[in-house]
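Single-structure report; data block below.
The values are calculated or read from the model by the stated rules, or taken from the named source; none is laboratory data. The shown structure was predicted, so the numbers you read here are calculated from the model rather than taken from an experiment. Backbone-built Cβ (ideal geometry, glycine too); neighbour counts: all protein chains shown. Protein only, heavy atoms only, side chains kept; ligands, DNA and RNA dropped before computing areas. Shrake-Rupley method; radii C 1.70, N 1.55, O 1.52, S 1.80 Å.
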Amino acid sequence: VPYLSGLLPPSHEPPKMNPVVEPLSWMLGTWLSDPPGVGTFPTLQPFQYLEEVHISHVGQPMLNFSFNSFHPDTHKPMHRECGFIRLKPDTNKVAFISAQNTGIVEVEEGEVNGHELCISSHSVSRISFAKEPHVEQITRKFRLNSEGKLEQTVSMATTTQPMTQHLHITYKKV
Ligand code: HEM
């Protein structure tokens, strides 16, 4: 339930979707990695991860998201981020705002075209004691594939590496 508990009766109807977010409605839902995601980077041993994604709305002209990843064997929590996805009304321009458990806060902007969202960071900030190497730029692509699964690809540039793919994952709706 998207409401603060106690303020509305539990039987309250789900909010009506704001028409502004309709171009991103294909992202809505709870999604689970299937198969596990794959992590890569020139400085890292390739790794796998599980991820649970919630993308929802409360009737406002924006989506709410959380991405929570887990170790594939131990299920220990790993990377976590949450934020908002905004659309500029009457355009396909999208803004993506994310706070990450690693101490990064970032803003990405881009476009939605059909069932594909391509965004790239305009700003990446971090806490003063964030782990090195620092992230300089992030780009992401989300798409709904022909099997109805959601895919996310994340690339990044750091202070030591040029823009390279870090993550690729496919999710099924649950
Ligand atoms: C390492 C950034 C998402 C797992 C790293 C590094 C950076 C980074 C900068 C260090 C690379 C190096 O040492 O050269 C990011 C950013 C993310 C993200 C910006 C999201 C936009 C994730 C996710 C997972 C993940 C979803 C899933 C578990 C890892 C692992 C390492 C790593 C296992 C190597 C060990 C470590 O440094 O903790 N990431 N990451 N990352 N990342 Fe990510």
- Item | Share of carbon and sulfur in the accessible heavy-atom surface of the chain [1.4 Å probe, %] | 56
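By per-residue mean of other Cβ atoms within 10 Å, what is the highest-first order of 20-29, 159-168?
Working: 20-29: 16.8, 159-168: 14.1.
Result, highest mean Cβ count within 10 Å first: 20-29, 159-168.
When N is the residue count of the chain, what does its C-alpha Rg come to as a fraction of 2.2 N^0.38 Å?
Values: Rg = 16.7 Å, N = 174, 2.2 N^0.38 = 15.6 Å.
So the chain has a normalised radius of gyration of 1.07.
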- Links that overshoot a 27 Å alpha carbon limit, given the list 141/172; 88/149; 16/76; 88/131; 76/173: 16/76; 88/131
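Could you provide, to the nearest whole Å², the per residue accessible area of the chain with probe 1.4 Å?
Working: 9950 Å² over 174 residues.
Ligands and nucleic acids excluded, the result is 57 Å² per residue.
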